[in-house]
Structure formats: C-alpha cells, structure tokens
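Trainee: Before I ask anything, let me first share the structure, which is written out below as structure tokens.
The values are calculated or read from the model by the stated rules, or taken from the named source; none is laboratory data. Here the structure is a predicted model, which means the values were calculated and not measured. A quick note on method: Cβ atoms are made from the backbone with ideal geometry, for glycine too, and the neighbour counts reach across all protein chains shown.
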Amino acid sequence: MAVREVVIFPDERLRDPVTDVTVFDDTLKQLAADMLDTMYADDGIGLAGPQVGVSKRIVVIDIPDDEGNQHKNPYVLINPRVTAHSEEQVESEEGCLSVPGCTAKILRYASCTVEYQDLEGKPQKFENVGGLLGICLQHETDHLSGKLFIDYLSRLKREMLKKKYLKYKKNHQKED
Ligand SMILES: [Zn+2]
C-alpha cells in the first residue's frame, strides 16, 4: 500500500487519452489499493487513473456515510462507462484533488447508470444512481475522457477560478 503523488492541474497528463484495462492481475489490485490510499490521504471521495499519472480506465470511490465516516464502502471500478442518464439535471458544489483549493457549482444529471468491471473482471452495474454517488460517478468518468469539472464553467467563471487557484497554489508552495 502506498500513497501516490496526485497530478495537479494544469498538468497535461490530466488530458491524456486513457486505455481500457485488459489484464486483471496483482499489479491492477496494487494500483487500486494505492489509489484508495492516495484518495483517503487527501480526504477525497473519488479518484481516477489519470490523477495518479496512470492513463488507464480505473476509478476508485468511497462516499462517506451520514456521520462523515469513510472506509466503509470503497468501490473499485474498472473500465467504467456511463451508459444511461436521467433527463433531469441537478446542481451541486464540486471539488477535485487535482484542482486543490477550488470548488464550483456544476450541473450534472440527477441520476446515471454506469457499467464497469470489478477487480476480477466480472461485469458490474450501478443502475440509476443519484445523490452524491451519482455525481461522483459522472465526475470520475469525466477524468477518463480528459475532462475536469472546471471545463463546465463559463469562460469568465473559469478565469476567475483559475486566478483563485493560482493564488492558492502560490501560497501553498510558500508553506512548503
Ligand atoms: Zn476530480
């Protein structure tokens, strides 16, 4: 188990195309375990391959319970794809471990269906999932298309957020 370095915006690796996972072996299990460690270390609820510099179709998610506790229900999704979604959309506040210090209100589908494989390669499905898990699934699968939550914002909003972000990054580096 190991905490890996998180790739930070505007690193181009976040935009790289990813490939499907075809080999379900111990290396894959190790990667998934490392990704969960990395996500927990940064207090995240989801993490995608490109965020640890791995251009593979893999996502880990752990939604906290009502008391805010994690480590209860971690999901590892191999080759996940959104295969259906609701017409209805909802807006909620999102952040991303690759864009530290920034949050923004983003419009997402109220619910979605995601098909994926587990670590053994067995087909699995989340059907019509809404709430925080549904939003997280859309956010993380976006990473596999090289897309970040800030891409949904208008140019003006994105520029404002970028300024805030660069300021955060500068201050953060000073502390180191
Ligand atoms: Zn993210």
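Trainee: If you check Leu119 against the conditions, is it in contact (Cβ under 8 Å) with a residue 60 or more places away in the chain and farther than 26 Å from Arg15 by Cβ?
Mentor: Details: in contact (Cβ under 8 Å) with a residue 60 or more places away in the chain: yes; farther than 26 Å from Arg15 by Cβ: yes.
Here the answer is yes, as Leu119 does meet what is asked.
Trainee: State whether the residues of the range 60-78 include one that is under 27 Å from Glu12 (Cα atoms) and within 13 Å of the ligand (Cβ to nearest atom). Full working, then the answer.
Mentor: Step one: of the range 60-78, the residues under 27 Å from Glu12 (Cα atoms) are 60-62, 75-78.
Subsequent filtering for residues that are within 13 Å of the ligand (Cβ to nearest atom) retains 60-61.
Taking every residue of the range 60-78 in turn, at least one turns out to be under 27 Å from Glu12 (Cα atoms) and within 13 Å of the ligand (Cβ to nearest atom).
Trainee: Follow-up question, since we're still on this one. With the checklist (1) assigned to a loop (DSSP other than H, G, I, E, B); (2) at pLDDT 95 or above; (3) of a type in the set (D, E, K, R) in hand, flag the one item Asp43 doesn't pass.
Mentor: Condition not satisfied by Asp43: (2).
Trainee: Here's another thing I want to ask about it. Could you look through the range 25-45, keep only residues that are under 18 Å from Ser98 (Cβ atoms) and not hydrophobic (A, V, I, L, M, F, W, C), and pick out the one that is nearest to the ligand (Cβ to nearest atom)? Give the steps one after another, and end with the answer.
Mentor: We begin by selecting, within the range 25-45, every residue under 18 Å from Ser98 (Cβ atoms); these are 31, 34-45.
Filter once more, so that each one left must be not hydrophobic (A, V, I, L, M, F, W, C): 34, 37-38, 40, 42-44.
Working: Asp34: 17, Asp37: 17, Thr38: 12, Tyr40: 15, Asp42: 11, Asp43: 13, Gly44: 8 Å.
Filtering the range 25-45 for residues that are under 18 Å from Ser98 (Cβ atoms) and not hydrophobic (A, V, I, L, M, F, W, C), the one nearest to the ligand (Cβ to nearest atom) comes out as Gly44.
Trainee: Just name the residue that is modelled with the lowest pLDDT out of those in the range 139-155 that are assigned to a helix (DSSP H, G or I) and more than 18 Å from Asn73 (Cβ to Cβ). Talk me through it step by step, then tell me what you get.
Mentor: Quick first cut of the range 139-155, residues assigned to a helix (DSSP H, G or I) only: 139-143, 149-152, 155.
So of that shortlist, the ones also more than 18 Å from Asn73 (Cβ to Cβ) come out as 141-143, 149-152, 155.
Working: Thr141: 98, Asp142: 98, His143: 98, Phe149: 97, Ile150: 95, Asp151: 95, Tyr152: 95, Arg155: 92.
For the range 139-155, the residue satisfying everything is Arg155.
Trainee: Test of understanding: among Ser55, Ser111, Ser98, Ser86, which residue is out of contact with any Lys or Arg (no Cβ under 7 Å at 6 or more places or on another chain) and within 12 Å of the ligand (Cβ to nearest atom)?
Mentor: Working: Ser55 fails: within 12 Å of the ligand (Cβ to nearest atom); Ser111 fails: within 12 Å of the ligand (Cβ to nearest atom); Ser86 fails: within 12 Å of the ligand (Cβ to nearest atom).
Residue meeting the stated conditions: Ser98.
Trainee: What is the residue count in the range 13-35 for residues that are touching a residue at least 60 places away in the same chain (Cβ under 8 Å) and either exposed (fewer than 12 other Cβ atoms within 10 Å of the Cβ) or part of a helix (DSSP H, G or I) (or both)? Explain how you work it out, then say what you get.
Mentor: Within the range 13-35, the subset touching a residue at least 60 places away in the same chain (Cβ under 8 Å) is 14-18, 21, 24, 28-29, 32.
Subsequent filtering for residues that are either exposed (fewer than 12 other Cβ atoms within 10 Å of the Cβ) or part of a helix (DSSP H, G or I) (or both) retains 14-15, 17, 28-29, 32.
Matching residues across the range 13-35 total 6.
Trainee: So, in the range 88-109, how many residues would count as being hydrophobic (A, V, I, L, M, F, W, C) and surrounded by fewer than 16 Cβ atoms within 10 Å (Cβ to Cβ)? Please lay out each step first, then the result.
Mentor: Of all residues in the range 88-109, those hydrophobic (A, V, I, L, M, F, W, C) come to 90, 96-97, 99, 102, 104, 106-107.
So of that shortlist, the ones also surrounded by fewer than 16 Cβ atoms within 10 Å (Cβ to Cβ) come out as 90, 107.
The qualifying residues number 2.
Trainee: Which of the numbered conditions does Gly146 fail, given that it passes all the others? Conditions: (1) touching a strand residue (DSSP E or B) at 6+ places or on another chain (Cβ under 9 Å); (2) touching a residue at least 60 places away in the same chain (Cβ under 8 Å).
Mentor: (1)
Trainee: Restricting attention to the range 67-81, report how many residues are surrounded by fewer than 17 Cβ atoms within 10 Å (Cβ to Cβ) and not in a loop (DSSP other than H, G, I, E, B). Walk me through how you get there before you give the answer.
Mentor: The initial filter retains those residues of the range 67-81 that are surrounded by fewer than 17 Cβ atoms within 10 Å (Cβ to Cβ), namely 67-74, 81.
Among the residues that remain, those that are also not in a loop (DSSP other than H, G, I, E, B) are: 81.
Residues that pass the stated criteria total 1.
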